[in-house]
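Take a look at the structure set out below.
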Amino acid sequence: MIERARADTTDPRVTYEVADAAAWRAPERPDVIVSNAMFQWVGRHIELLPGIADGAARAFAFQVPGNQDAPSHALLAATATEFGVTDFRRVDVREPVEYLAALQRPGWTVDVWESTYLHVLQGPDAVYEWISGTGARPVLARLDGAEREEFIARYKAELNIAYPPQDFGTVLPFRRILAVATRDQESSA
Ligand SMILES: C[S@@+](CC[C@H](N)C(=O)[O-])C[C@H]1O[C@@H](n2cnc3c(N)ncnc32)[C@H](O)[C@@H]1O
């Protein structure tokens, strides 16, 4: 993904680096630090957030999916258990109020909210096609051969019941949690 981004970028002000967010700190003090759909994969990330925000001169903003209790994920866990897969890597997302409490410190104004997007997906097994590229990957990686095929067939069937296809497509409600922490002006460096 990064190689592709580098190849596609013509703006000389843009650079890309690969790093583990658990250890990353802004090398210089940028005005803004933004993260999209990444912290859910970083264990105990809520403890990292204030330190990362401190690296920004003006604002730190991030978005994480808040759908770990949705039917798609409950069915994933239940079906995986049937196939003996119970110790797969799960996302670590907290409730909005926990992010607010973590980031709300003197000198900062924090805005946290959630929104449920109604994605309208097209094609057969549309929810499976979506989730097999994201949340289901840790389970799919643990299975192979006929067992993997059987798991996929079972999971697809469950998803098609929970998210029935309609004339216009299959609706996947997707909750997301968004946070913006802004330094109060008198505290700006
Ligand atoms: C759902 S994708 C989002 C990608 C991109 N931010 C976007 O909005 O399209 C999740 C990304 O988190 C990255 N990721 C997972 N764990 C990470 C970690 N510990 N440090 C940095 N990136 C991580 C993955 O490599 C993947 O690119």
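Points worth noting:
- Entry note: segment 124-188 has Rg to Rh equal to 1.28, where both radii use alpha-carbon atoms and Rh is the Kirkwood radius.
- Euclidean distance between Cα centres, segment 70-134 to segment 21-36, Å: 23 Å
- Once the Cα atoms are used to define both axes, helix 45-54 deviates from the longest principal axis of the chain by about 30 degrees.
- Remark: the chain projects, on average over all directions, an area of 13.4 nm² (convex hull of Cα atoms).
- Where labels lie 7 Å past Cα in the beta-carbon direction, separation of R29 and D69 in nm: 4.0 nm
- Value of D in µm² per second that Stokes-Einstein yields for segment 21-82, Kirkwood Rh from Cα pairs, at 37 °C (0.692 mPa s): 244 µm²/s
- Value at 222 nm in deg cm²/dmol, rounded to 500, when DSSP H runs of n ≥ 4 in the chain each add -39,500 (n - 2.57): -10000 deg cm²/dmol
- Dipole of segment 44-189 [Lys/Arg +1, Asp/Glu -1 at C-beta], most positive-end residue of A126, Y163, L48: L48
- Among P164, P106, P173: highest mean-square fluctuation, GNM of the chain, C-alpha pairs under 10 Å: P106
- Under the simplified labelling scheme, the S132-T86 pair shows an inter-label distance of 2.7 nm, with each label point 7 Å from Cα along Cα→Cβ.
- Given R0 = 25 Å, the distance between the Cβ atoms of A162 and R44 translates into a calculated FRET efficiency of 0.25.
- In degrees, nearest ten, helix 145-162 long axis to first principal axis of the chain (Cα): 80 degrees
- Taking H45, H119, H73 in turn, the Gaussian network model of the chain (Cα-Cα springs below 10 Å) assigns the largest fluctuation to H119.
Read the figures in this text as sums done on the coordinates, not as results from a lab. Computed from a predicted structure; not experimentally measured. Note: ideal-geometry Cβ built from the backbone for every residue, glycine included; neighbour counts use all protein chains shown.
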